[in-house]
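The values are calculated or read from the model by the stated rules, or taken from the named source; none is laboratory data. Predicted model, so just to flag it, every value in this text is computed and none were measured. Here Cβ is always computed from backbone atoms with ideal geometry, including for glycine, and neighbour counts include all displayed protein chains.
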Amino acid sequence: INGSGSAGVGIANTSVTGSSQENKFENLQISNITGTPGWGLYVGSPTNREIDTATYRNVTVAGAALCWYQEGVATEAILYEKMNCQETTSGYYDVEGGDFITQDNAYLGPNTGSVTNLYTIANVVDYAMIINDHLEIGATITNVFNLPGVVNTGAGNIHIINGEYSTSQTGLAWVNYTQNGQ
């Protein structure tokens with residue numbers, strides 16, 4: 001999928017009526033998604049429609065603001081596996097609702113410029129499991145994991161297991177944890 005430098009979203013897995021369930025997206029390349037908002041994948045529903053049991057496997061996103069953006073309280077059981085996200089300009093993912101698992105993903109670059117947050121997980125996310133992911137970045141970053149939230153408000157479970165994260169930058173926040181919860 002080539003966004004030709006103007007598309008704002010590569011793939012949107014969403015619903016305006018009913019639900020969207022058990023979708024699989026495999027062996028794809030999404031590139032040049034530089035329009036607004038610049039998401040390689042959009043998963044969820046701004047009106048909290050049910051989006052569940054979706055799998056993204058062996059998907060490469062190259063040249064977008066974010067590899068994926070996820071929202072909606074009924075966006076559940078989403079698996080991102082063996083993704084290859086490279087040269088994103090605003091970070092790798094922003095999850096604003098639901099739950100998800102990442103497994104065996106590679107995040108490469110950007111190697112120039114600056115990025116505020118590589119991974120953002122809002123406090124309303126039910127759970128997040130981040131397993132065996134790999135990061136290499138050369139750009140200036142502020143936070144690797146940004147977990148913003150609301151003080152004195154409960155949050156979901158976030159598990160980071162066996163990852164490998166590498167940057168030559170010093171003085172950054174690896175985990176900016178400003179929420180309550182486990």
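Structure summary
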item: All positions within the range 85-102 that are farther than 18 Å from V124 by Cβ, not in a loop (DSSP other than H, G, I, E, B) and not polar (S, T, N, Q); result: C85
item: Hits in the range 141-182 (condition: modelled with pLDDT of 85 or more, aromatic (F, W, Y) and either surrounded by 17 or more Cβ atoms within 10 Å (Cβ to Cβ) or more than 20 Å from A106 (Cβ to Cβ) (or both)); result: F145
item: Members of the range 67-84 found to be of a type outside the set (D, E, K, R), assigned to a strand (DSSP E or B) and either farther than 24 Å from P148 by Cα or at pLDDT below 95 (or both), listed by number; result: N84
item: From the options I101, I131, I121, residue that is surrounded by fewer than 17 Cβ atoms within 10 Å (Cβ to Cβ) and under 15 Å from V43 (Cα atoms); result: I101
item: Condition met for T55 (under 19 Å from L28 (Cβ atoms), free of Cβ contacts under 8 Å to residues at least 40 places away in the same chain, surrounded by fewer than 17 Cβ atoms within 10 Å (Cβ to Cβ) and polar (S, T, N, Q)); result: yes
item: Segments classed as strands (runs of 3 or more DSSP E), wholly inside the range 103-182, with at least 3 members that are of a type in the set (S, T, N, Q) and within 18 Å of the chain's Cα centre (by Cα); result: 114-121, 140-147
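Quick grid of which residues meet (1) among the charged types (D, E, K, R); (2) at positive phi; (3) in a strand (DSSP E or B):
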residue	(1), (2), (3)
S4	no, yes, no
I11	no, no, yes
E26	yes, no, yes
N48	no, yes, no
G63	no, yes, yes
